[in-house]
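Below is one structure, written out as structure tokens; the observations come after it.
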Amino acid sequence: MDVRRTVPVALDVDSDDAALLEDTVDTFLWSAQYVVDHAFKGEYVTTSKTTLDDETYDDVREKTDGFNGGLVQAARNKAAEACKSVVARWKQGKKASKPVFTSPHVVYDKRTATFHDDYVSLATTDGRIEADYVLPDEDRGTPHSEYLFSDKYETTGAELHYRDSNWVLHIHCKADVKSDTSEQATTENGTVLGVDLGVNTLAVTSTGTFWTGDEFDHWRREYEKRRGDLQQCGTRWAHENIQSVARKEDGRFKQMLHRISNELVTEARENECSVIAFEDLTGIRERTGASWGHKWAFDRLYDYVEYKAEEHGITVEQVDPANTSRRCSHCGFTHPDNREDKDFECLKCGYENHADYNAAKNIGLRYLRRNQTSGDGGAPLSVRLNSGTLNANGGYSPAEESARAGVHAESHGFSRG
């Protein structure tokens, strides 16, 4: 089983090399946009990498004065993937427009980047440059020591990003990891852990574990206040400190989300779940009233859980969230008035519980129904609760009395973080 990790590494780049990298970024984005524009010219959007390569490679090389061939192909791949994403959304009946590339980055592979122990060699619009890694002081327990410099992991490529006058290389690492046989045995016909995401409560599982959004909201307001105070100064010193605040904010939130993702995966493992089911994150801002900051946190949390769960043989999926907050997980009755803020009370059967917990159970049930009708004989058979399991029809089976004694999420749930 392939396990993949991405390790961000800051680069020490002098002014001459920085100018080359900026030119490379501009050329890469132009190349990707040229391919997208070409793909959208016909009656149908072209998504085939082979077709796009045949029809655009020579033109791009000519118009960019011989831009590195490997980077031209990387730009084409980026464009093709973006076009496929648009077409996929159209097929789902969702809105999507032609992609526009603005975020400053370049995609590198082993042909266009050479990774050394303490520096990297990168292709540019004018030959190659070498940039030293800026590494943390700690030798152990960092992603750099665990993945980038580990003999177990192979470096497969990277994305170079430019933000706040800093160059950061997001290096992709891969390892072939064998899951424990005991863990593999639980995935054949195991259980699914449903996860609901929200603003006031960042995450709730079908086992009744809550991760509140209080800490996230506190620091988001704190960093907004700091940036606002510095912006009023208007000095160069203030501008540099705004960038410093942004880096601290990003680091704090990533650390927080890493912790929550670790606890979510642990929750799934302790309950012998073979699948962790999230709601589809598309359109979550409109559904929940979340800010862009919350949307970023949801996306990042999903990514962290996905790659950490993979190492333990656990699949992470997204399901259609329609009516999961309005549907009664007990009897199936769906009505907008079933939910009022954080409280859920079914108008038909009278079932009462925390609304987000009810939604988490419904997300797990949605995954069960979707997969058990697809003919997948290895699909999970039930949704894991703290006090037992639910089958696809909502039938409840209590857990053994010895299992996780003393905690009954069905009646009250509990809060972590």
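Quick notes
- Residue within segment 16-29 that is among the polar types (S, T, N, Q), modelled with pLDDT of 95 or more and more than 30 Å from ASP176 (Cα to Cα) present: yes
- Filter result (buried (at least 19 other Cβ atoms within 10 Å of the Cβ), among the aliphatic types (A, V, I, L, M) and free of Cβ contacts under 8 Å to residues at least 60 places away in the same chain) within segment 1-52: VAL35, ALA39, LEU52
- In segment 282-314, residue modelled with the highest pLDDT [restricted to those that are surrounded by 16 or more Cβ atoms within 10 Å (Cβ to Cβ) and part of a loop (DSSP other than H, G, I, E, B)]: ILE314
- Single residue of segment 393-411 satisfying the filter (out of contact with any strand residue (DSSP E or B) (no Cβ under 8 Å at 6 or more places or on another chain) and at pLDDT 65 or above) that is surrounded by the most Cβ atoms within 10 Å (Cβ to Cβ): GLY394
- Test for ALA185: is it in a strand (DSSP E or B), modelled with pLDDT under 85 and surrounded by fewer than 19 Cβ atoms within 10 Å (Cβ to Cβ): no
- Single condition GLU222 does not satisfy, out of (1) modelled with pLDDT of 75 or more; (2) over 18 Å from HIS258 (Cα atoms); (3) in the same structural domain as GLU279 (by TED's automatic domain parsing); (4) not in a loop (DSSP other than H, G, I, E, B): (1)
- Every residue from segment 327-342 that is modelled with pLDDT of 90 or more, of a type outside the set (Lys, Arg) and touching a strand residue (DSSP E or B) at 6+ places or on another chain (Cβ under 8 Å): CYS328, PHE333, THR334, ASN338
- Residue under evaluation VAL120, criteria (1) out of contact with any Gly (no Cβ under 8 Å at 6 or more places or on another chain); (2) surrounded by 15 or more Cβ atoms within 10 Å (Cβ to Cβ); (3) assigned to a helix (DSSP H, G or I), criterion not met: (3)
- Matching option when the condition is farther than 29 Å from MET256 by Cβ, in contact with a strand residue (DSSP E or B) (Cβ under 8 Å, 6 or more places away or on another chain) and of a type in the set (Ser, Thr, Tyr), among TYR307, TYR351: TYR351
- Screening segment 97-117 for residues that are loosely packed, with under 13 Cβ neighbours inside 10 Å and either hydroxyl-bearing (Ser, Thr, Tyr) or at pLDDT below 90 (or both) and picking the one that is farthest from ASN68 (Cα to Cα) gives SER97.
- Identity of the residue in segment 326-363, of a type in the set (Ser, Thr, Tyr) and touching a residue at least 60 places away in the same chain (Cβ under 8 Å), that ends up nearest to TYR396 (Cα to Cα): SER329
- Some residue of segment 269-277 being at negative phi, among the polar types (S, T, N, Q) and without any contact (Cβ under 8 Å) to a residue 60 or more places away in the chain: no
- Out of LEU148, LEU160, LEU169, sole residue that is touching a Phe, Trp or Tyr at 6+ places or on another chain (Cβ under 9 Å) and farther than 16 Å from VAL13 by Cβ: LEU148
Rundown of residues vs (1) in a strand (DSSP E or B); (2) of a type in the set (A, V, I, L, M, F, W, C); (3) outside the structural domain of LYS152 (by TED's automatic domain parsing), yes/no style:
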site	(1), (2), (3)
ALA10	yes, yes, no
GLU22	no, no, no
THR27	no, no, no
LEU52	no, yes, no
ASP59	no, no, no
GLN73	no, no, no
VAL87	no, yes, no
TRP90	no, yes, no
LYS98	no, no, no
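- Residues that are touching a strand residue (DSSP E or B) at 6+ places or on another chain (Cβ under 6 Å), closer than 15 Å to LEU197 by Cβ and not in a strand (DSSP E or B) within segment 315-326 comprise PRO321, SER325, listed in sequence order.
- Within segment 188-197, the presence of at least one residue that is out of contact with any Leu (no Cβ under 7 Å at 6 or more places or on another chain), crowded, with 16+ Cβ neighbours inside 10 Å and modelled with pLDDT under 85 is confirmed.
- Taking the criterion of being hydrophobic (A, V, I, L, M, F, W, C) and closer than 12 Å to VAL168 by Cα, the residues of segment 1-17 that qualify are VAL7, VAL9, ALA10, LEU11, VAL13.
The values are calculated or read from the model by the stated rules, or taken from the named source; none is laboratory data. Just so we're clear, the structure is a prediction, and the values are computed from it rather than from any experiment. Virtual Cβ from ideal backbone geometry, glycine too; neighbours counted across all protein chains shown.
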